[in-house]
Amino acid sequence: MREIVLDTETTGFDPESGDRIVEIGAVELWNHVATGETYHVYINPERSMPEEAFGVHGIGPDLLENPRPPEKGEVTLKDKPVFAKIGHDFREFVGDAQLVIHNASFDMKFLNAELKWMGAPLILMEQALDTLAIARKRFPGSPASLDALCRRFNIDNSNRVLHGALLDSEILAEVYLELIGGRQPDFGLSTSASSAAGGSDDWRPTPRAIPLPSRITEDERAAHEAFVEKLGDSALWTRA
């Protein structure tokens with residue numbers, strides 16, 4: 001099962017009033033496991049950037065009413081492609097995968113408005129899964145924002161000073177897995193990338209390029225070796 005965990009940043013709240021998408025970030029999951037494939041693009045909204053929206057995501061200082069040079073970490077938008085230039089690539093990336101979105105009606109409203117304006121096929125609302133609705137059903141009466149869910153599930157979101165579509169989609173992917181059961185269903189590894197590219201049910205995540213360092217201290221390693229040595233040749237750890 002292919003899923004796309006997705007987030008957008010915009011100039012405001014209503015595309016019918018002239019607001020546009022300025023960033024899309026997405027993370028691919030296969031059978032609830034991240035494949036490492038992502039989609040990320042900044043978009044020129046062909047309009048000014050309201051101060052209120054800029055305060056949320058920090059994107060587009062060159063589009064403010066009083067434009068200024070970008071500070072460290074800020075992204076300018078005048079040199080970025082308009083949605084019509086990236087829409088077909090985005091639509092192809094999404095395909096018929098289920099979209100996992102926090103407050104799906106908001107993002108879907110903007111995505112389909114942009115797709116409609118460029119004459120591209122729309123995305124059915126039935127294709128989207130709303131994690132906000134899932135969280136409210138699981139924890140009625142409790143805060144259900146992305147930050148609140150990170151606190152509930154002990155997910156590190158310390159880098160989330162401002163909203164960013166790719167970072168938020170990566171965090172949402174972790175939140176989503178907790179919401180649906182708190183575990184990844186398959187930790188099998190494979191060195192074959194062809195099955196992942198083809199979308200086969202036999203696909204497995206590839207090994208890490210850089211293995212995680214061991215958490216065993218040298219004292220613990222030495223104590224274990226001494227323990228095994230006392231067990232003699234029949235010890236499980238001595239078997240090939």
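The values are calculated or read from the model by the stated rules, or taken from the named source; none is laboratory data. Everything quoted here is computed from the prediction, not taken from an experiment. Positions of Cβ are generated from backbone atoms using ideal geometry, with glycine treated the same way; all protein chains shown enter the neighbour counts. All accessible areas refer to the heavy atoms of the entire protein, side chains included, with ligands and DNA or RNA removed. Shrake-Rupley method; radii C 1.70, N 1.55, O 1.52, S 1.80 Å.
Quick look at the values:
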read-out	value
Among (1) modelled with pLDDT of 95 or more; (2) surrounded by 13 or more Cβ atoms within 10 Å (Cβ to Cβ), the one test that G119 misses	(2)
Residue list for the range 48-82, filter: within 13 Å of T11 (Cβ to Cβ) and open to solvent by 70 Å² or more (accessible area, probe 1.4 Å)	E51, E52, E65
So E126, is it of a type in the set (D, E), open to solvent by 90 Å² or more (accessible area, probe 1.4 Å) and within 26 Å of F93 (Cβ to Cβ)	yes
Test result for E114, over 25 Å from P143 (Cα atoms) and either part of a strand (DSSP E or B) or open to solvent by 70 Å² or more (accessible area, probe 1.4 Å) (or both)	no
Positions within the range 1-11 being in contact with a His (Cβ under 9 Å, 6 or more places away or on another chain), open to solvent by less than 60 Å² (accessible area, probe 1.4 Å) and either on the phi > 0 side of the Ramachandran plot or outside any strand (DSSP E or B) (or both), in sequence order	none
Qualifying residue in the range 74-93 (condition: at pLDDT 95 or above and on the phi > 0 side of the Ramachandran plot)	no
Single residue of the range 12-22 satisfying the filter (of a type in the set (G, A, S) and either part of a loop (DSSP other than H, G, I, E, B) or under 11 Å from I43 (Cβ atoms) (or both)) that is least open to solvent (accessible area, probe 1.4 Å)	G12
Pairs where the first residue, in the range 86-109, is touching a residue at least 60 places away in the same chain (Cβ under 8 Å) and in a helix (DSSP H, G or I) and the second is surrounded by fewer than 19 Cβ atoms within 10 Å (Cβ to Cβ) and among the polar types (S, T, N, Q), C-beta under 9 Å, 6+ apart	V94/Q127
Residue match in the range 23-33 (condition: assigned to a helix (DSSP H, G or I), more than 19 Å from L167 (Cβ to Cβ), touching a Leu at 6+ places or on another chain (Cβ under 7 Å) and not small (G, A, S))	no
